[in-house]
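Report on one structure; see the data block that follows.
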Amino acid sequence: MTEVGLYSISLRGFDVPALLSWAAAKGIPFVHLRGGPCGYHLTNRPASVWRAWRRAADSAVPITGVTADTDLADLFADDPKIRDQAEEEVIRLAEAAAELGAAWLRLLSRTPPQAGWAGYEVPTTAVPLLVEPHHPGWLAPGAFASLPAMGLLTDTRQLAGTYPALAEAAERTRVLHLSDGGEGFGGFKAIADLVARRIAIGHPIEVAVEWTGADRSPQTCLARYRAATAWWAAEERS
């Protein structure tokens, strides 16, 4: 069975060392860390803090990926000020991710894909960049052809349903979030099935739980995590 980690937004009230220690105590094998201003705001902290958190990870569980709040569209904006600010944030966050031992940095994409994006080059960063589609336009046929050569972080709630684009999304997926807002996973099975098949034939895809319900206490988070891992185990067996 694929190991399943936990996205840090699933739990509230913990600093990073406490989060990592809690995950280790509960048998959670790794953590994805929200690193932008809506999370632990890594770019607002000195490198000494990154290194201290890396030591905490080395003694507990690893931080395998970091998420940014930066939107992909800002890297390709016509306004050079927006573009430069986004690039600076992404480069700095990627440096933090590398210091923490993470292998990737995720960008959001809250806007529909644009055909011209495929011709852009993303900045050179300390870790590879992934994109998480957050707009229904990404479900249109051929939508992922507009991306530069980038992998995806695929969220089961964002790519819910059955659409022609899901097969291409699965092919680009490097990370899968089992996203649970309290409704379970019944409506999100299609993309999970496709990703599970790719894992079964040897593609290295990381899987983590993203609990987004109102109660993000340790007890509720752990219960939702265990429910999600049981559901995913059944997916892999089917």
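When the residues of region 156-176 are filtered to those that are among the small types (Gly, Ala, Ser) and farther than 21 Å from residue 103 by Cβ, the one that is modelled with the highest pLDDT is 167.
For region 13-35, the criterion of a residue being assigned to a helix (DSSP H, G or I), within 19 Å of residue 153 (Cα to Cα), without any contact (Cβ under 8 Å) to a residue 60 or more places away in the chain and over 16 Å from the mean Cα position of the chain (by Cα) is satisfied by no position.
Residues in region 179-189 that are assigned to a helix (DSSP H, G or I) and buried (at least 17 other Cβ atoms within 10 Å of the Cβ): 188, 189.
Can you tell me which condition residue 208 does not meet? The list is (1) in contact with an Asp or Glu (Cβ under 8 Å, 6 or more places away or on another chain); (2) surrounded by 22 or more Cβ atoms within 10 Å (Cβ to Cβ), and all the others hold. The one condition residue 208 does not meet is (1).
Only one entry in 159, 153, 166, 176 is in a helix (DSSP H, G or I) and open to solvent by less than 10 Å² (accessible area, probe 1.4 Å), namely 166. Here's a check for you: in region 36-48, which residue that is in a helix (DSSP H, G or I) and in contact with an Asp or Glu (Cβ under 7 Å, 6 or more places away or on another chain) is farthest from residue 155 (Cα to Cα)? Per the stated criteria, the residue is 47.
Within region 135-150, being under 14 Å from residue 173 (Cβ atoms) and either in a loop (DSSP other than H, G, I, E, B) or open to solvent by 20 Å² or more (accessible area, probe 1.4 Å) (or both) holds for 147, 150.
The values are calculated or read from the model by the stated rules, or taken from the named source; none is laboratory data. Values in this document were obtained by computation on a predicted structure and should not be read as measured data. A quick note on method: Cβ atoms are made from the backbone with ideal geometry, for glycine too, and the neighbour counts reach across all protein chains shown. Ligands, DNA and RNA are excluded from the accessible area calculation, which covers all protein heavy atoms including side chains. Shrake-Rupley method; radii C 1.70, N 1.55, O 1.52, S 1.80 Å.
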